[in-house]
Amino acid sequence: RQINGWMYYTREMPHGRSLEDMIDTKAKFGEKTLADVIAGVAEAMGQAETQGYHYRMPTPRDIFVDEEHQASIVNVFRPRTGKTRDYAADTGRFLMMLRPLCDGPRARHLVEELAQQKLDWEKLRRRAEDLQEQHRQDSLLKRADTREAHEIAAARSAGVGASRARAARAE
C-alpha cells in the first residue's frame, strides 16, 4: 500500500516465539514437543509441496512455536518454478535445525534418526503424527497406571485401618 509516497507492507506474525529466539535463550524440547513441532512444519511444507509451490528453505527465524507447541511458519512459499527440490535434503536440514533445542539424548536421537530416514515432507508429517499418537497412548497408559496405583494404595490404607480397628477391639 502506498500512502503519501511511502510504500507500506504488513503481515500478521505467527503466534509464539521463533526457533531462533528459542535457540538463543537455550530453550529445550522433549520428544513429545519435538514431534508436535515437526508435524506442524511438515504439514505446512507438505501442503505446499503437494500443490506444486516452490519455497525457500525455512530458517529458525521463520518457524514459530506457541505455548501449546503448535508450529507455524512465515510465508516462505513462492510461485512454481522449473527448479526441482531435494525434499529429503530439505527435511534433513530442517531436522538438524532442531538439534540445539533437543532436551537430552533421546530427543537428539529422535531428530537424528528422522534425518537419516531421508523422508520428504509428507512422509515426515506421517512419521511425526505416528510419534504424536504413540505419546498420546503412552500418556493414557501412565494416567491409567497412576490411577490404578492410587486406588490400590487407598484400598491398602483402608485395609490397614480396618485391621487396626479390629486389633483394637480385640484388646
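The values are calculated or read from the model by the stated rules, or taken from the named source; none is laboratory data. This structure is a prediction, so every number in the text was calculated from the model and none was measured. Cβ coordinates were reconstructed from backbone atoms using ideal geometry, including for glycine residues, and neighbour counts include every protein chain displayed. The protein model used for the area step is the full one, side chains on, heavy atoms only, and it has no ligands, DNA or RNA in it. Shrake-Rupley method; radii C 1.70, N 1.55, O 1.52, S 1.80 Å.
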Checklist entry - Among the residues of region 19-29, is any modelled with pLDDT of 95 or more, part of a loop (DSSP other than H, G, I, E, B) and among the small types (Gly, Ala, Ser)? => result yes
Checklist entry - Restricting attention to region 81-92, which residues are assigned to a loop (DSSP other than H, G, I, E, B) and crowded, with 16+ Cβ neighbours inside 10 Å? => result none
Checklist entry - Which of the residues spanning region 93-111 are surrounded by fewer than 19 Cβ atoms within 10 Å (Cβ to Cβ) and closer than 14 Å to GLY30 by Cα? => result ARG99, PRO100, ASP103, GLY104, PRO105, ARG106, ARG108, HIS109
Checklist entry - Quick one: which of VAL41, VAL37 is free of Cβ contacts under 8 Å to residues at least 60 places away in the same chain, part of a helix (DSSP H, G or I) and open to solvent by less than 80 Å² (accessible area, probe 1.4 Å)? => result VAL41
Checklist outcome for this item: Scanning region 44-80 residue by residue, those open to solvent by 20 Å² or more (accessible area, probe 1.4 Å), among the hydroxyl-bearing types (Ser, Thr, Tyr) and outside any helix (DSSP H, G or I) turn out to be TYR53, THR59, SER72
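Going by what's in this entry, would ARG136 be described as in a helix (DSSP H, G or I), of a type outside the set (S, T, N, Q), surrounded by fewer than 17 Cβ atoms within 10 Å (Cβ to Cβ) and within 15 Å of the chain's Cα centre (by Cα)?
Against the criterion (in a helix (DSSP H, G or I), of a type outside the set (S, T, N, Q), surrounded by fewer than 17 Cβ atoms within 10 Å (Cβ to Cβ) and within 15 Å of the chain's Cα centre (by Cα)), ARG136 qualifies.
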Item to check | Pick from region 112-130, criterion in a helix (DSSP H, G or I) and under 18 Å from PRO58 (Cβ atoms), ranking: most open to solvent (accessible area, probe 1.4 Å) | outcome: LYS123
